[in-house]
Structure formats: C-alpha cells, structure tokens
Amino acid sequence: MQKRRLGKTDLELTTVGLGTWAMGGPWQFGWGPQDDREAIAAIQAAMETGINWIDTAPAYGLGHSEELIREALKQKNDKPIIATKCGLLWNEKKEKVSCLKRESIRRECHASLKRLGIEVIDLYQMHWPDPDQDVEEAWEEMTRLCEEGKVRYLGVSNFNLEQIKRVRKIRPVASLQPPYSMLHREVEDKLLDYCAQNHIGVVAYSPMQRGLLTGKFNQARLAGLAPDDHRRRSSDFQEPQFSATLELVEELRKIAERNGRTCAQLAISWVLRRPEVTAAIVGARRPDQILDTAPAAD
C-alpha cells in the first residue's frame, strides 16, 4: 500500500486512511443506527489491509467513535497513527456546539486521550474555525498541548486560506483537512497550491461524497435512509442535484469497469491523483466497505 509523507512531519501515511464519522452512531450529523460490532470489525479490517492511520473526532457519536477505536485496538499489537479533532462540543439534544476557548480545548484533549486509550495524539486538528474570533486562542492552547507532549502535530480542518495564514504565525500547520471530491472541487482554487508551496499536508475527506460516488446509490436507497441520517438534509441528496449525480456515476461506472475497478475506488483515486494530496479519508461502517475501498491506495 502506497504511503506519502504528511507535510514536514515524520508521519508516513498510507494514501487511504480510515474515517470513523459514520460509525460513531446517532447525533445531529449522524448516519443512522450503527452496529458497534461491525464498527470494531471495520477498524480491525482496515489495519489488516495495511491502512496505518485512523481519523476521528469527539463529535462523531458524541465520543463514541473514539471509544470504538480504543476497543478495536485492544485486540491489535500494531498501533495506527491516530488523528482526532477539537472545537466541537454537544448539548443534551445531541446538537453540535462550537467552542474554541482555551479551557475547553484542553478539556477536550484530555477527554480524547482517555477515550482513545492513548498517551499522545499524533495529529490534533481544529475541527472548524468557529467562532472565527477565537481561532488564535484555540491554536495557542493546541500549541501548549503540543509543547507538553500530549500532541505530536497540529492540523486544521475546514479552514480557508486566510485562516491558515493566521494560525501559521503562531505555530506551523502540519496539515489541512478539506472536503474534496469530483462533486466538490473548491479546494483546487487556491488551497492546494498554497499547501504545496508551504509543505502543508492535505488529507481530503468525503472523496466518495458520503456514498454518492460509490455506484451503490439510487432513489430507493435514498428513500430508505434512516430518518436521523443527516444526508437527508444535504443539498447533494436533494433534487435536481441527486439525479444529476446518478447520471454522472453511470458514466463513471463504465470507466471503472473498463479498468477492473469499482466506482468507489475510482472516486478515491481521482482525489489522490493530485500530488498535493497526502491521503484520502475513506469512511466505513462495516468490514466489507473498507475492503472494497482500500485498493484505491494503490
């Protein structure tokens, strides 16, 4: 499985990393019901295929995604590179609450370490730059956590160009985690070039656009999504965009089949074609899903 170095760090990431957003379970941006046994099996299957890093966040299932990783790793001798995030809390209604105050960032870090069952977070990322006026305060506290040895490297997620420039004045940015897929290419405008010029790694999320580019979606599957699946509220899953995407995927299917690949593998490798992209975060809820997509790393 191919590996690429993440920016200026010493982290060598497989070009496909396991994303754990969907397996966390119900919350405001959940994906419907999730079987914990299948989630743990998916994490273990990812490692067995050679994937060497996992991306997670406290918000994914309100801490549950991180707990599942701890349970999965108990049964493994080799430990993967762990990337998690901070800045998103939640209320009693399982709704997200943004907070970048320094005291909150520190509490989040300690809570993540405990849930994950690890002593050091390899890559600690600010999940969203919200509220914008508190970005520097949060980055300063993340820097302190790094200096204290609780975190190895710092990254940002969902940042624009100006926000990256602001935090770089305080401490170097190891990586940017942006959305990037055939359907959402905004990162190509300025961000990829900037990251390449400044040796900032790029770990792209949603390369399969939440399942739309896997070739497994149709009107019936959309209708069958769980009532609390956040994709029901996404513009990508609304008309006329949804039907237009299905037409696109049918054409992509021909390319994939001609090359002995699946649509999902094609979508992931399309993102990895860019030299600025270090790796793609590939979500899975069951072992068969990551076994299908992992070959895109080659």
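Observations on the model:
- Each residue in the stretch 1-27 was checked for being at pLDDT below 95 and surrounded by fewer than 17 Cβ atoms within 10 Å (Cβ to Cβ), and 1 pass.
- Taking the criterion of being over 18 Å from the mean Cα position of the chain (by Cα) and open to solvent by less than 60 Å² (accessible area, probe 1.4 Å), the residues of the stretch 258-291 that qualify are Thr262, Cys263, Leu266.
Residue by residue, here is whether (1) in contact with a strand residue (DSSP E or B) (Cβ under 8 Å, 6 or more places away or on another chain); (2) open to solvent by 70 Å² or more (accessible area, probe 1.4 Å) holds:
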residue	(1), (2)
Cys146	yes, no
Arg152	yes, yes
Asn158	yes, no
Leu161	no, no
Ile164	yes, no
Val167	yes, no
Ser175	yes, no
Pro179	yes, no
Cys195	yes, no
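- Only one entry in Glu71, Glu66 is over 17 Å from the mean Cα position of the chain (by Cα) and either part of a strand (DSSP E or B) or not hydrophobic (A, V, I, L, M, F, W, C) (or both), namely Glu71.
- Some residue of the stretch 98-119 being among the aliphatic types (A, V, I, L, M), open to solvent by 40 Å² or more (accessible area, probe 1.4 Å) and under 24 Å from Asn158 (Cα atoms): no
- Elements of the type strands (runs of 3 or more DSSP E) sitting completely within the stretch 93-179 and holding at least 1 residues that are β-branched (Val, Ile, Thr): these cover 96-98, 121-126, 151-157.
- Within the stretch 273-289, residues that are more than 21 Å from Leu212 (Cα to Cα) sit with their Cβ atoms under 6 Å from residues that are among the small types (Gly, Ala, Ser) and assigned to a helix (DSSP H, G or I), at 6+ positions apart or across chains, in these pairs: Glu276/Ala196.
- Condition check for Leu213: modelled with pLDDT of 95 or more and crowded, with 16+ Cβ neighbours inside 10 Å: yes
- The condition of being touching a Ser or Thr at 6+ places or on another chain (Cβ under 6 Å) and either within 27 Å of Gln133 (Cβ to Cβ) or at pLDDT 95 or above (or both) holds for only one of Pro178, Pro207, Pro172, Pro240, that being Pro207.
- Residue within the stretch 237-257 that is closer than 18 Å to Thr49 by Cβ, open to solvent by 10 Å² or more (accessible area, probe 1.4 Å), in a helix (DSSP H, G or I) and polar (S, T, N, Q) present: no
The values are calculated or read from the model by the stated rules, or taken from the named source; none is laboratory data. Note that this is a predicted model, so its numbers are computed, not measured. All Cβ positions, glycine included, derive from the backbone under ideal geometry; neighbour counts span all protein chains shown. Accessible surface areas use protein heavy atoms only, side chains included; no ligands, DNA or RNA. Shrake-Rupley method; radii C 1.70, N 1.55, O 1.52, S 1.80 Å.
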